[in-house]
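The values are calculated or read from the model by the stated rules, or taken from the named source; none is laboratory data. Small disclaimer: the values here were computed from a predicted structure and weren't measured. Cβ coordinates were reconstructed from backbone atoms using ideal geometry, including for glycine residues, and neighbour counts include every protein chain displayed.
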């Protein structure tokens, strides 16, 4: 509740926060469940979303290059590369899903290394083994994803995104309820 102190004197803001946190929380829960039960759909949607971000970025970069230096061939090259990759990912998202899967592998390996190093750095402390366990699980996830790559990306990316959105939904619903309780106390 510490983060809600800034809202504690504004009943209207608490009401809005509570309402919209619950609405968005429910939407995230639903999308998260779709990702868990239909991971291929969410994997493809994630890659397509990323492709559209690249297309939008190419438009913004084109505007920037046009406004600042129309003769900057490296700026225009970046625009073309962003545009081509964006179009390719939107048209054929499977390679995009594989790329996202490889990024997750790299993330899990880096997280495993950092967690294990941290665990041994704080080893005499109580519950140091939880940090080590986190590192071990990250290593396991990275190896598991890498062993089946690129095909495993098709379902694992969707599952990871789905689980993340599901828990984000739970957090938003909980925060909405807490804000609602604070608002009632006012």
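Is it the case, given these coordinates, that residue 16 is in a loop (DSSP other than H, G, I, E, B) and more than 19 Å from the chain's Cα centre (by Cα)? Explain how you work it out, then say what you get.
Values: in a loop (DSSP other than H, G, I, E, B): no; more than 19 Å from the chain's Cα centre (by Cα): yes.
It is false that residue 16 is in a loop (DSSP other than H, G, I, E, B) and more than 19 Å from the chain's Cα centre (by Cα).
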Is there any pair with a first residue in the stretch 56-81 that is on the phi < 0 side of the Ramachandran plot and modelled with pLDDT under 90 and a second that is surrounded by 12 or more Cβ atoms within 10 Å (Cβ to Cβ) and part of a loop (DSSP other than H, G, I, E, B) whose Cβ atoms are under 8 Å apart and which are 6 or more apart or on different chains, and what are they?
75/69
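Among the candidates 165, 172, 118, which residue alone is surrounded by fewer than 20 Cβ atoms within 10 Å (Cβ to Cβ) and touching a helix residue (DSSP H, G or I) at 6+ places or on another chain (Cβ under 8 Å)?
Numbers: 165 fails: surrounded by fewer than 20 Cβ atoms within 10 Å (Cβ to Cβ); 172 fails: surrounded by fewer than 20 Cβ atoms within 10 Å (Cβ to Cβ).
Unique residue meeting the criteria: 118.
Against the condition modelled with pLDDT of 85 or more, out of contact with any strand residue (DSSP E or B) (no Cβ under 8 Å at 6 or more places or on another chain) and surrounded by fewer than 19 Cβ atoms within 10 Å (Cβ to Cβ), how does residue 128 come out, does it pass?
Working: modelled with pLDDT of 85 or more: no; out of contact with any strand residue (DSSP E or B) (no Cβ under 8 Å at 6 or more places or on another chain): yes; surrounded by fewer than 19 Cβ atoms within 10 Å (Cβ to Cβ): yes.
Judged against the criteria, residue 128 is not a match.
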What's the number of the only condition in (1) more than 30 Å from residue 59 (Cβ to Cβ); (2) in contact (Cβ under 8 Å) with a residue 40 or more places away in the chain that residue 104 fails to meet?
(1)
